[in-house]
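Some notes on the structure that comes next.
Each reported figure results from applying straightforward, stated rules to the coordinates on display, with no laboratory input. These numbers come from a predicted model, not from an experiment. Here Cβ is always computed from backbone atoms with ideal geometry, including for glycine, and neighbour counts include all displayed protein chains.
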Amino acid sequence: MKTAPGSDGLPPLRDVIGRYELAAKKSLGQNFLLDLNLTRKIARAGGDLSGRTVIEVGPGPGGLTRALLMEGAQRVIAVERDERCLPALAEISSRYPGQLDVHSGDALDIDWSKLVGGGPPVTIAANLPYNIASVLLTGWLETEPWPPWFDRMVLMFQREVAERIVAQPRSKAYGRLSVLAQWRTEARIALHLPPEAFTPQPKVASAVVDFRPIAKPEPSCRVATLSRVTAAAFGQRRKMLRSSLKQLTAMPELLLREAGIAPERRAEDLSVAEFARLAQIVDRGDLARR
Ligand code: SAM
């Protein structure tokens, strides 16, 4: 077979989809990327992949998987729920012997650190199924112990979710996900993609977010406590904190005073560091003794 420069010698993705009859299923969030130039750009968004292990959720027909391998990933461990995709992925495994492990199953049931089992630095890279993207992301961001088993994530979301992740205080998009993501990682939008980039076209635009875990997030607190604080505060985001934080503690005013935060402020106004400071004081557990 004659191979175009820069290609991997495997058939075009459109042919693969046709040959294995991979009609997209909406229930599995299937919107495929068929342009290898684009998937290679996504693969590169998280920096140099040489020597790395990459965890990929939902390889589908393998557009991003092929790009990750072409961009130098040493090993790709892919988890795919749709068994129809397995023969297409097996073709990629044959082209890259020993470099691609495909796990057939549900990404929501995986023990990730066990799957990776130590070894070289790990990147998580995925064009995520949008129906479970936030759940997967929250799970990775809440990993314990921290720093986690991965040191980079390059993930595609619906644009609106990507904007929530990087949102700043006093914006409508700022919320629980922004606080968690920005406390534990440096997150930035690396790429915007229009609906036309996918087959079939989704109704919404998408964006790739590049996350780098922060080794020691400051101020330090338990991630579970931070989650309780943000749930209470954003659960009633228009209320003053002295009222919304009653969900969390019997003494919200004392907690806020200790943190140096005016009780009239609202969830939307607080910085990520201020949320973590509140959680840190809750963790200390001595408010009742004051
Ligand atoms: N990576 C491919 C691409 O970029 O063209 C496909 C991306 S598509 C948006 C999402 C993929 O996730 C599909 O292949 C779908 O079958 C798979 N998927 C959906 N739910 C899943 C789950 N719970 N666990 C593992 N894979 C899942």
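Less than 18 Å apart at the alpha-carbon level, and either on another chain or at least 8 residues along: which lysines does that give for K203? Excluding near neighbours in sequence, the set is K25, K26. Taking the charge dipole of the chain about its Cα centre, with +1 at Lys and Arg Cβ atoms and -1 at Asp and Glu Cβ atoms, the residue from P213, A233, L191 reaching farthest to the positive side is A233.
What shape does region 223-289 have by the C-alpha gyration tensor, where a ≥ b ≥ c are the square roots of the eigenvalues, rounded means a/c under 1.5, and otherwise prolate means a/b greater than b/c and oblate the rest? Let's see the in-between values first.
Working: a/c = 1.41, a/b = 1.24, b/c = 1.14.
Rounded, since a/c falls under 1.5.
Report relative contact order for the chain in percent, whole number only (criteria: Cα-Cα under 8 Å, sequence separation at least 6). Here the relative contact order equals 14 percent.
Basic side chains Lys and Arg get +1 at the Cβ, acidic Asp and Glu get -1 at the Cβ, and with that the dipole of region 39-169 about its Cα centre reaches some 500 debye.
What is the fewest-to-most order of Y130, Y174 by other Cβ atoms lying within 10 Å of their Cβ?
If I rank by nearby Cβ atoms, fewest first, I get Y130, Y174.
A Cβ-based charge dipole, computed about the Cα centre of the chain with Lys and Arg at +1 and Asp and Glu at -1, lands at about 960 debye. Taking one quarter of the surface of the convex hull spanned by the alpha-carbon atoms of region 118-163 gives a direction-averaged projected area of 3.5 nm². Under 25 Å of direct C-alpha separation, and excluding same-chain neighbours fewer than eight residues apart, K114 reaches these lysines: K216. In the chain, the DSSP beta bridges split such that about 50 percent are antiparallel, to the nearest 5.
Rounded to the nearest 500, what is the 222 nm mean residue ellipticity of the chain from helices alone, with -39500 (n - 2.57) per DSSP H run of 4+ residues and division by all residues?
On the way: 12 runs with 103 residues, N = 290.
Result for the chain, helices only: -10000 deg cm²/dmol.
Rounded if a/c is under 1.5, else prolate if a/b is larger than b/c, else oblate: which is the chain, with a ≥ b ≥ c the root eigenvalues of its Cα gyration tensor?
Working: a/c = 2.72, a/b = 2.16, b/c = 1.26.
Prolate.
Remark: spin-label model distance E253-A173 equals 3.8 nm, labels positioned 7 Å along the Cα→Cβ axis. Amide H contacts for T185 (H built 1.01 Å from N in the peptide plane; partners 5 or more residues away or on another chain; cut-off under 5 Å): I214. What whole-number distance in Å separates the alpha-carbon centres of region 70-117 and region 34-65? A separation of 12 Å, based on Cα centres.
Under the rule a/c < 1.5 gives rounded, and otherwise a/b versus b/c splits prolate from oblate, where does region 72-159 land using the Cα gyration tensor? Verdict is oblate for region 72-159.
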